[in-house]
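Taking it in order: structure first as structure tokens, then the write-up.
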Amino acid sequence: MNIFKLIITSYRNLAVNKLRTGLAVLGIIIGIGSVIALVSLGQASQQAVQSQIQSLGSNLLTVSPGSQTSGGVRGAAGGRTTLTYDDAKAIESSSKITTVKQVSPVYSSRGQVIAGKSNTNTQIYGVTANYASVRQITLASGSFITARDVASNTKVAVLGPTVVDDLFDGNTNIIGQEIRISGQSFKIIGITSSKGGSGMTNQDDMIFVPLSTAQKQLFGVKYLSSIYLEAKSSDVMIRAQNQVGYLLLSRHKISSPASADFTIMSQQDILNTVSQVSGTFTALLSGVAAISLLVGGIGIMNIMLVTVTERTREIGLRKALGAKKKVIIMQFLIESVILTFTGGLIGIIFGVGGFYVYTKIASSTFVISLSSVFLAFAVSTGIGIIFGWYPARKAASLQPIEALRYE
Amino acid sequence: METVALSDISLTIYKGEFVAIMGPSGSGKSTLMHILGALDQPTSGKYILDGETVEKLTEDELADIRNRKIGFVFQAYNLLPRTTALDNVMLPMSYAGVSDQEQKDRALRFLELVGLQDRVHHSSNQLSGGQQQRVAIARALVMDPAILLADEATGNISSAQADEIMGIFQKLNDKGHTIIMITHEPDIAHFAKRIIYIKDGKIGEDILNKEQKKI
């Protein structure tokens, strides 16, 4: 019996109970639809975060105080004050460091900023002149912090566009005006151009001041929050990581890298961490969706079992007329695969459609990976085979005598 | 304890015979029909059908024997619902791997033989009981089986239609088809040339029917 005929026969059988068939398919539609929508959502947010991190600057290494938690050994709790400006200068001047192009020490903390009657709470960055080139900051107007500003503790500030919005209602004609940070007045010398991002990763909601001014006059600290390093090329990232690591270890008089009181992360490391987090998130969502798919599959199995019972006499007749086990199995498997495949097809349409609507509402990028669509087809077909197998076997193993007598 | 349905049955049916097997319910005639129809196998003993020993076969091998050697006509017709007469008749051939065109040609020929040439595309639920049974006979004949096995084939239809069916059987028998008919109605049994009575699992009487009714 050829497969084409089996498909037509199966389709006719399914068309008899339209409502029942529809409800069974609905389970698969919901399952596949939610898998597609949620996986796409996860992938899209992962991509968005990745592109943001990438925009922070290439060849970038970040030295942060505090030890890594790997190996279960954590540095002393007070270890977050271990990085100093001298460390940064040593990295810059050491003859052993051949792979680092620029060094940018940073001290940052939150602070209250007032301009006239407006005020805002934002992140204050104490930086040196080369921060702009290391972190790829461009200016919309004015100029950035200079080496002279750092040398002479000037009270100048460069504002991020979000801060300008908050304090001056977006009026960018403010170069030369004064703002007050922690009660001290600073002259605005520049405004950075927007880099985008939101929430935790907002790169526009910040104010830059000279590092020395931030350390001595604003916050009264001697340590750094981080040191940004620009490697000479992306090929020497690991060497740069090692060179800087050993220099800092010897400066801090630490013998074993495992007990280091600092961490050096490349953009790739940060990317990996973020990918891991959003990957877990995606996996969690997909897991929930997969459960609904499983429930849908059980629905298919249930319907197929009912169908087999209803059609006991027909199965008996087919066997009496010479149908072999394989043919009966094929017929019922094809029926369940038609159910799940149709469900998968409609589910993909709904899932992609739902995700498209989401991207329109959340104004994020609409990307559907072809592989997830193919996977959805494969999974829905697989579910048809897996959950159709038992009912099909049951049908094929009916005894023709019993089946023909069945009322 | 085992229930013995049939014992000590020794029976030969030759090519071209028209046999009626009679007996009250519980006599074992259904079991005999199941064995003759290769739907079941005897616990001991031999059944040789058209030169092939039907013994210790797998389910699929039995299915193959039924497909090639036996044409079934059931009491309840057992046509596929919502399926045309033509498709119903083509069904056994599809399991035998006959080409589509030949399936159609043969099905049309046998539907004409049972007088349903103008009902070919009617679906089974649009046909009367007698017509459905004629479709079933056409279906039983398309594989050119060694025996046509009718199990209470006239049990569900009116006596006028039953006579029509018997007429078809006699016509087929005249052409050389071997027909075995299970029935509990003496009227129907008298259309056969030979009548075998089964009682308590044994052959009671095996007589040549000298007063065969003719249509």
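Readers should treat all values here as calculations from the given coordinates under stated rules, not as data from a laboratory. In this text, all values refer to a predicted model and were calculated from it rather than measured experimentally. In this analysis, Cβ positions are derived from the backbone assuming ideal geometry, glycine residues included, and neighbour counts consider all displayed protein chains.
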What net charge is computed for the residues neighbouring B:SER159, neighbours being all others with C-beta under 15 Å from the C-beta of B:SER159, Lys and Arg scored +1, Asp and Glu -1? -4
5 Å is the cut-off here: which amide hydrogens, built 1.01 Å from N in the peptide plane, fall below it relative to B:MET143, excluding neighbours closer than 5 in sequence? none
Exceeding the 26 Å Cα-Cα cut-off - candidates A:LYS324/B:LYS199; A:LYS325/B:LYS56; A:LYS5/B:LYS69; B:LYS171/B:LYS199; A:LYS319/B:LYS56: A:LYS324/B:LYS199; B:LYS171/B:LYS199
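Per residue of B:91-97, count partner chain C-beta atoms within 10 Å of its C-beta, then hand back the mean as an integer.
For peptide B:91-97, the averaged partner shielding equals 5.
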Full-extension gain between A:SER94 and A:ILE238, please, as 0.36 nm times their residue separation minus the C-alpha to C-alpha distance. 50.1 nm
For the residues A:TYR131, A:TYR85, what sequence is obtained by ranking on other C-beta atoms within 10 Å, fewest first? A:TYR85, A:TYR131
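Could you please tell me the mean projected area of the C-alpha convex hull for chain B, averaged over all directions and given in square nanometres to one decimal?
12.2 nm²
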Alpha-carbon centroid distance for the pair region A:7-38 / region A:333-407, whole angstrom: 7 Å
10 Å Cβ neighbours from other chains, averaged over peptide B:59-67: 5
Once both labels are modelled 7 Å past Cα along the beta-carbon direction, what's the B:ASP187-A:LEU23 spacing in nm? 4.7 nm
Alpha-carbon centroid distance for the pair region A:188-256 / region B:67-117, whole angstrom: 85 Å
In what order do B:VAL4, A:VAL158 fall by count of nearby beta-carbon atoms within 10 Å, going from fewest to most? B:VAL4, A:VAL158
For region A:83-143, build the charge dipole from Cβ charges (+1 Lys, Arg; -1 Asp, Glu) around the Cα centre, then report which of A:ILE124, A:PRO105, A:ALA140 sits farthest towards its positive end. A:ALA140
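Give me the dipole magnitude in Debye, nearest 20, for chain B about the Cα centre, with unit charges on the beta carbon: positive for Lys and Arg, negative for Asp and Glu.
On the way: 23 positive and 29 negative charges, 97 e Å.
Magnitude of the dipole: close to 460 debye.
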Filtered chymotrypsin sites (Phe, Trp or Tyr not before Pro), region A:349-398: DSSP coil and at most 10 other beta carbons within 10 Å: none
Expressed as an acute angle from 0 to 90° and rounded to the nearest 10, what is the orientation of the C-alpha long axis of helix B:85-96 relative to the principal long axis of chain B? 60 degrees
The protein assembly as shown - charge dipole about Cα centre, Lys and Arg +1 at Cβ, Asp and Glu -1, debye rounded to 20: 1660 debye
One point scatterer per Cα, no solvent, Debye formula: log10 I(q)/I(0) for region A:121-252 at q = 0.13, 0.14, 0.16 Å⁻¹ comes out as -0.60, -0.69, -0.86
Pulled fully out, how much extra length does the chain show between A:ASP165 and A:ASN272, if you take 0.36 nm times their separation in residues and subtract their Cα-Cα distance? 35.2 nm
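Between B:GLU61 and B:ASP206, what's the calculated FRET efficiency when r is the beta-carbon distance and R0 is 25 Å? Round to 0.05.
After rounding to 0.05, the efficiency reads 0.25.
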Label point at B:TYR14 placed 7 Å out along Cα→Cβ; residues across region B:176-207 whose backbone nitrogen lies under 13 Å: B:194
Residues with beta-carbon under 12 Å from that of B:LEU80, excluding B:LEU80: net charge, scoring Lys, Arg +1 and Asp, Glu -1? +4
Work out from phi, with θ = phi - 60° and the Karplus expression 6.51 cos²θ - 1.76 cosθ + 1.60, the ³J(HN,Hα) of each residue of region B:197-214, listed in order in whole Hz, and give x for Gly and Pro. 9, 9, 9, 6, x, 10, 7, x, 9, 9, 10, 7, 7, 6, 9, 4, 6, 10
So which lysines pass the test for A:LYS222, namely a Cα distance under 23 Å, with those fewer than 8 places away in the same chain ruled out? A:LYS89, A:LYS155, A:LYS253
Estimate the FRET efficiency between A:PHE374 and A:GLN47 by the formula 1/(1 + (r/R0)^6), using the beta-carbon distance for r and 30 Å for R0, to the nearest 0.05. 0.95
Sequence-distant or interchain residues sharing an amide H contact under 5 Å with A:ALA140, placed H: which? A:ILE191, A:THR192, A:SER193
Once you average over the residues of A:303-316, how many Cβ atoms of partner chains fall within 10 Å of each Cβ? 1
Taking Cα atoms, how many degrees apart are the long axis of helix B:59-69 and the longest axis of chain B, rounded to 10 and kept between 0 and 90? 70 degrees
Cα-based Rg/(2.2 N^0.38 Å) for the protein assembly as shown, rounded to two decimals, is 1.71
For each of B:SER99, A:SER141, A:SER234, count neighbouring Cβ atoms within 10 Å of the residue's Cβ, then give the residues from fewest to most. B:SER99, A:SER234, A:SER141
When DSSP assigns beta bridges and you keep just the ones with both residues in chain B, what percent turn out antiparallel, to the nearest 5? 35 percent
If you wrap a convex hull around the Cα atoms of region A:152-226, how much volume per residue is inside, in Å³? 105 Å³
Mind checking the angle between helix A:370-396 and chain A's longest principal axis? C-alpha axes, 0 to 90 degrees, to the nearest 10. 30 degrees
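So, R0 is 25 Å and r is the distance between the beta-carbons of A:ASN153 and A:SER133; what FRET efficiency does that work out to, to 0.05? Spell out each step's value before the answer.
Numbers: r = 22 Å, r/R0 = 0.88.
Rounded to the nearest 0.05, the efficiency is 0.70.
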The longest stretch of chain B containing none of the trypsin sites (Lys or Arg not before Pro) that sit in a DSSP loop with at most 15 other Cβ atoms within 10 Å is B:83-174
Given the candidates B:SER27, A:GLY31, B:PHE169, the one whose Cα lies deepest towards the positive end of the charge dipole of the protein assembly as shown, counting +1 at each Lys or Arg C-beta and -1 at each Asp or Glu C-beta, is A:GLY31
Output ³J(HN,Hα) for region A:239-252: one whole-Hz value per residue in order, computed from phi by the Karplus curve 6.51 cos²θ - 1.76 cosθ + 1.60 with θ = phi - 60°, and x for Gly and Pro. 5, 4, 4, 5, 4, 5, x, 5, 4, 5, 4, 6, 5, 8
